[in-house]
């Protein structure tokens, strides 16, 4: 499993983030419902199946799956699963029907067991949401088992279908992006900016609650090793300063400020007319960006000058 896969699951497994994603999905699809994070319980992600052409069990695993229960905690409303995709999978309907079929089969076994113990178990429905992280192409409009198998029209009445619910994160609108209330907002914002090939905007008024999980996923998505510095230093500062539900402001996600500074510096270096001048210009721009970041850490996060220096110095060293 890749670092990106692990980072996606770690952030989405947090109840408040999971509920936020599901609620935005509901809103985008016109569903009048809202999930309370307190009504979520972890569910079993692994299930077994036996292919018809094999004589052995195989295992399949969902990315993140949770029970959504009624406020009294006694009854399950439904099972909700999140599946992460960075690239388009044309076989996704088969995967989804496999996951959901195993989950429904599990309900049947539970009902049989409960009946033997004279207990009552109410069956529940299942929702699977595919979170599409791709930025270069949209998910195709054909998203059903009927379409995937090219089922002729005359048979569609008798062939069971499975429709894939895809949330194309990078293609959400400005209004839809603003619906996110958790740290997942920053993930969606990053993906939308990456799709539009724009530099990442700084949103200092927003707060980041899960520093490590969010920064780790941003690093994995951007493939920028300098997020290691962000993660390490912010974790230190966060552990020392966070109290209760208080979040902390997200700094300038570094790469945007650094890239802007390097671009300005390279332009100055290019004016000198040689490769060495461009390299020196990038280093100068990087130093300038670090200086700006240091000022913001002090002004916006309340870091002391010494704490801010520990944050930017490892990066600044790379400019020289």
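The values are calculated or read from the model by the stated rules, or taken from the named source; none is laboratory data. Keep in mind that what you see is a predicted model, and the values were worked out from it rather than measured. Methodologically, a virtual Cβ is constructed for each residue, glycine included, from the backbone with ideal geometry; neighbour enumeration extends over all protein chains shown.
From the list 167, 145, pick out the single residue that is touching a residue at least 60 places away in the same chain (Cβ under 8 Å), closer than 22 Å to residue 63 by Cα and either surrounded by 17 or more Cβ atoms within 10 Å (Cβ to Cβ) or outside the structural domain of residue 73 (by TED's automatic domain parsing) (or both). Talk me through it step by step, then tell me what you get.
Details: 145 fails: touching a residue at least 60 places away in the same chain (Cβ under 8 Å).
Sole residue among the options that is touching a residue at least 60 places away in the same chain (Cβ under 8 Å), closer than 22 Å to residue 63 by Cα and either surrounded by 17 or more Cβ atoms within 10 Å (Cβ to Cβ) or outside the structural domain of residue 73 (by TED's automatic domain parsing) (or both): 167.
Residue-by-condition table, conditions (1) at pLDDT 95 or above; (2) in a loop (DSSP other than H, G, I, E, B); (3) surrounded by fewer than 18 Cβ atoms within 10 Å (Cβ to Cβ); (4) not assigned by TED's automatic domain parsing to the domain that holds residue 75:
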residue: 114; (1), (2), (3), (4): no, no, yes, no
residue: 122; (1), (2), (3), (4): no, yes, yes, no
residue: 131; (1), (2), (3), (4): yes, no, no, no
residue: 158; (1), (2), (3), (4): yes, yes, yes, no
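Tell me the residue from 5, 63 that is modelled with pLDDT of 90 or more and either loosely packed, with under 15 Cβ neighbours inside 10 Å or under 21 Å from the mean Cα position of the chain (by Cα) (or both), please.
Testing whether each residue is modelled with pLDDT of 90 or more and either loosely packed, with under 15 Cβ neighbours inside 10 Å or under 21 Å from the mean Cα position of the chain (by Cα) (or both) leaves just 63.
Can you tell me which of (1) touching a helix residue (DSSP H, G or I) at 6+ places or on another chain (Cβ under 6 Å); (2) modelled with pLDDT of 85 or more; (3) surrounded by 16 or more Cβ atoms within 10 Å (Cβ to Cβ) is the one residue 33 doesn't meet?
Among (1) touching a helix residue (DSSP H, G or I) at 6+ places or on another chain (Cβ under 6 Å); (2) modelled with pLDDT of 85 or more; (3) surrounded by 16 or more Cβ atoms within 10 Å (Cβ to Cβ), residue 33 violates only (3).
Quick check on the stretch 69-90: of everything there that is touching a helix residue (DSSP H, G or I) at 6+ places or on another chain (Cβ under 9 Å) and exposed (fewer than 14 other Cβ atoms within 10 Å of the Cβ), which residue is farthest from residue 18 (Cα to Cα)?
At the first step, the residues of the stretch 69-90 found to be touching a helix residue (DSSP H, G or I) at 6+ places or on another chain (Cβ under 9 Å) are 69-71, 73, 77, 79-86, 89-90.
Filter once more, so that each one left must be exposed (fewer than 14 other Cβ atoms within 10 Å of the Cβ): 70-71, 73, 90.
Working: 70: 16, 71: 17, 73: 18, 90: 25 Å.
The residue in question is 90.
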